[in-house]
Amino acid sequence: MGVALITPFKRDGNVDYAALERITDYLLQNGADYLVVLGTTAETPTLTPDEQKEIIRLVINQVKGKIPVVLGLGGNNTFGLVQKLKTDDFTGIDAILSVVPYYNKPTQEGIYQHYKHIATASSLPVILYNVPGRTGVNMTAETTLRLAHEFDNIVAIKEASGNMTQISAIIKQKPHDFQVISGDDSMAFPQITCGAVGIISVLGNAFPKEFSRMVHLALSGDCTNALAIHHRFTELFELLFVDGSPAGVKSILHQMGYIENELRLPLIPTQITTYEKIKKILKELDSKS
């Protein structure tokens, strides 16, 4: 179970680095297998370059090599990304997670060429990230498999299309050492049963121990106990995203006492009704634990 780290903010809008340290330590102590910094969940487009550098530095220094650190590095300017890959310092980073180019709506050949340039420029393993609900374009199974077979350093895909037919086709036809990772908490269990290797999780920010246990039980073939944990979080899966992400998980972490309930515009905190629903579910989960 990888965790897509949030970025905590103070009430004055500045990054709350002390809270980020607390969350990182919490994840290290409670079963996260690796961390993803500066992904979508981190509200990365709203962070300044200096804030991004400090977040990377903080997480790397705190992790101290205990678990891998994956860096979100994607965009819709291919040559800008290639330049960063050639010039930035990636010390302490184990892989990059690169989202399908958004807004431009490239063709499948354009997506292929985009990742070809990234793979050629990168000295690190590359994890593809398909999330058409956010990018506006789906990377087909055919394009994913073409990239997986042609580039040795393209090692995995975070698949968040929600299309199980597409995901199953990738799993069936992929190279042996290419990994499929669920990009959707609610789909983690069914995808693992079809051959995915785990999840890059949003909910894992708040429930690393429980969600990691579910993932590892499913991977070991204990589907009965894994499914029981999956069902515990069914209502939270929906509430995580009903008011946008990471508003849902930030609401949970705020109620757990880890962070202020602050986001950067254009994102805003969950509605009061959502907040109260989450509060009720957290009480129920606590009473059953």
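What follows is calculated from the coordinates using simple rules that are stated; it is not laboratory data. Keep in mind that this is a model prediction, so the values were computed, not measured. In this analysis, Cβ positions are derived from the backbone assuming ideal geometry, glycine residues included, and neighbour counts consider all displayed protein chains.
Rounded to two decimals, what is the ratio between the C-alpha radius of gyration of the stretch 70-139 and 2.2 N^0.38 Å? Please report the intermediate quantities before stating the final value.
Details: Rg = 11.6 Å, N = 70, 2.2 N^0.38 = 11.1 Å.
Working it through for the stretch 70-139, the quotient is 1.04.
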Exercise for review: About the Cα centre of the stretch 198-289, how large is the charge dipole given +1 on each Lys and Arg Cβ and -1 on each Asp and Glu Cβ? Please answer in debye to the nearest 20.
Suggested key: 120
Check your understanding: Can you work out D for the stretch 153-220 in µm² s⁻¹ from Stokes-Einstein, where Rh is the Kirkwood radius over C-alpha pairs, the temperature is 10 °C and the viscosity is 1.306 mPa s?
Key -> 132
Exercise for review: Starting from the Cα of Leu124, step 7 Å along the direction of its Cβ; do the same at Asp12; then give the gap between the two resulting points in nm.
Suggested key: 3.1
Exercise for review: Using per-residue counts of other Cβ atoms within 10 Å, averaged over each peptide, order 53-65, 200-212 from highest down.
Suggested key: 200-212, 53-65
Exercise for review: Within the stretch 153-169, find all residues whose amide N lies under 11 Å from a label point positioned 7 Å from the Cα of Thr107 along Cα-to-beta-carbon.
Suggested key: none
Revision key, fill the gap. From fewest to most C-beta neighbours within 10 Å, the residues Asp185, Asp286, Asp222 line up as Asp286, Asp222, Asp185
Review point. Using just the C-alpha positions of the chain as equal point scatterers, what log10 of I(q)/I(0) does the Debye formula give at each q in 0.07, 0.10, 0.15 1/Å?
Key: -0.24, -0.50, -1.20
Exercise for review: Please report how far the C-alpha centroid of the stretch 159-187 lies from that of the stretch 237-288, rounded to the nearest whole angstrom.
Suggested key: 28
Study note, to complete from the structure: Whole-Hz Karplus couplings 3J(HN,Hα) for the stretch 111-120, θ = phi - 60° and coefficients 6.51, -1.76, 1.60, Gly and Pro as x, run 5, 4, 5, 4, 6, 4, 5, 5, 4, 5
Exercise for review: Please work out how much length the chain gains when fully extended from Glu260 to Asp25, using 0.36 nm per residue of separation minus the C-alpha to C-alpha distance, in nm with one decimal.
Suggested key: 82.9 nm
Point to revise | 19 Å tail of the calculated P(r), the stretch 176-288, as % of Cα pairs | key: 46
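Nearest 20 debye, what's the magnitude of the dipole of the chain about its Cα centre given +1 on Lys and Arg Cβ and -1 on Asp and Glu Cβ?
120
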Practice item. Please give every one of the aspartates and glutamates within straight-line cross-link reach of Lys277, meaning a C-alpha to C-alpha distance under 14 Å, and leave out same-chain neighbours fewer than 8 residues apart. Key: Glu235, Glu238, Asp243
Practice item. Just subtract the alpha-carbon distance of Thr48 and Thr87 from 0.36 nm times their residue separation and send over the number in nm, one decimal. Key: 12.2 nm
